[in-house]
Amino acid sequence: MKKLLLPLIFGLFLLVPIVTFAHQPKQSLIYLRIYEKTGIEGRFEVNANELVNVFGLDVGLHPSMEQVRPYQEKIQAYLLENAKFSSELGAYQIVFTGEISKLNLSYGDFVNFHFRLENSENLPDSLTLDYDAFFDEDPTHMCLVAMEYNWKAGLINNEHIVALYLSEGERNGTFSIKETSLWKGFLAMVQQGIWHIWIGMDHILFLVALILPSVVRRRKKNGVTGEFTNNGKFNIWGWEPVKKFRPAFIYILKIVTFFTIAHTITLSLASLEIINLPSRVVESIIAFSVGLAAFHNIRPIFKGEDWVIAFVFGLFHGFGFASVLGDLGFKGEYLSLSLVGFNVGVEIGQIAIIALIFPILYFIRNNKYYSRFLVWLSVVLIVISAYWLIERAFDIDLPLDEFINRNILYPVANFVGLK
């Protein structure tokens, strides 16, 4: 058993929490979103240090929105005075939407002031920014400008590719927004699909639960899993390894195919706004699906028909993927290419996950402890599923899920260049 656990433990320790952020205490940031039909939107991200030092606000490093809101107009007026956007088509008026939000960081929160550039529907080739905010008060201050969203430039949910660095000695700059192509946008959607299957731990664990039995088959014997019969006796079930690669591979192929068909259907329906389900319901069912698939490994629900679970719950996973597009600020631009690209990315991501896990399962299938490993891992998956279900169904903010995302999944994605 130790030989089986050591590689798994070692694999977990490879996921070292190396969190990197573009945000630093003495920075302000401007994120822009470039839309082909509706123009340019954006937000100023101002660190709480600047609210304290520049505006003299007694709000601390972790202000609430209620503390900031009385000073919102004063801060926005300061930004209007010190930030000017222009292009070869002329100057643009910054219009604040009234929305403010916040990014929580340990060394000081960033308060976000959302805006749009008036009359920017006719997109220019490049933008010029003249920026004087905070430099006089703090010569070490820096301003970073990034295009967070520009479909044809291949930038979607971008944080780390900076278009412009401004400092006390260089307060203006120009950057292109039209070095674009449909191919860049398509590849960006593929990348987002890969990224969101990899950070979607619930999707990953659902697949893991489904493929654990791929290299073994059930048989009655004195083993470790079982079920109660009608007369109250306990039938012990064991497992025997598959003798050849082909049946295990066909099992995997069937599971992946039905899961793919299902989530493609609902991803398309939701993105086309034909069917929409409440996010809370969808996410709760996705959490439940992990536990049900794991329970099926201990006590079969659909004997010999594991694909039924993959298909039925794959429909709800598709709705989950669709909500991701909304979180990315997707507004239906190049809808067909976006859906195809995102779905291709999801498939690549899940194939990569299976390609990593399946050979290991096939290699260790003859180990006498594999049955116990399968059962106990399924039990762990049931516990995790219950945790997520409670969190999502009752809208309770439990800390462990965010901790895993922030300290394990995001750093790994940063490392491999997906985020």
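The values are calculated or read from the model by the stated rules, or taken from the named source; none is laboratory data. Just so you know, these numbers come straight off a predicted model, no measurement behind them. Backbone-built Cβ (ideal geometry, glycine too); neighbour counts: all protein chains shown.
Remarks
- Selected residue (criterion: nearest to Val95 (Cα to Cα)) from residues of region 46-64 that are touching a residue at least 40 places away in the same chain (Cβ under 8 Å) and surrounded by fewer than 22 Cβ atoms within 10 Å (Cβ to Cβ): Val54
- Screening the candidates Phe249, Phe288 for the property of being at pLDDT 95 or above and over 11 Å from Ala310 (Cα atoms) yields one hit, Phe288.
- Residue in region 192-200 that is over 30 Å from Asn157 (Cα atoms) and either among the aliphatic types (A, V, I, L, M) or at pLDDT below 85 (or both) present: no
- Across region 371-410, the number of residues qualifying as modelled with pLDDT of 80 or more and either surrounded by 14 or more Cβ atoms within 10 Å (Cβ to Cβ) or in a helix (DSSP H, G or I) (or both) comes to 23.
- Matching residues in region 172-214 - criterion: being assigned to a strand (DSSP E or B) and either touching a Leu at 6+ places or on another chain (Cβ under 6 Å) or in the same structural domain as Phe373 (by TED's automatic domain parsing) (or both): Gly173, Phe175
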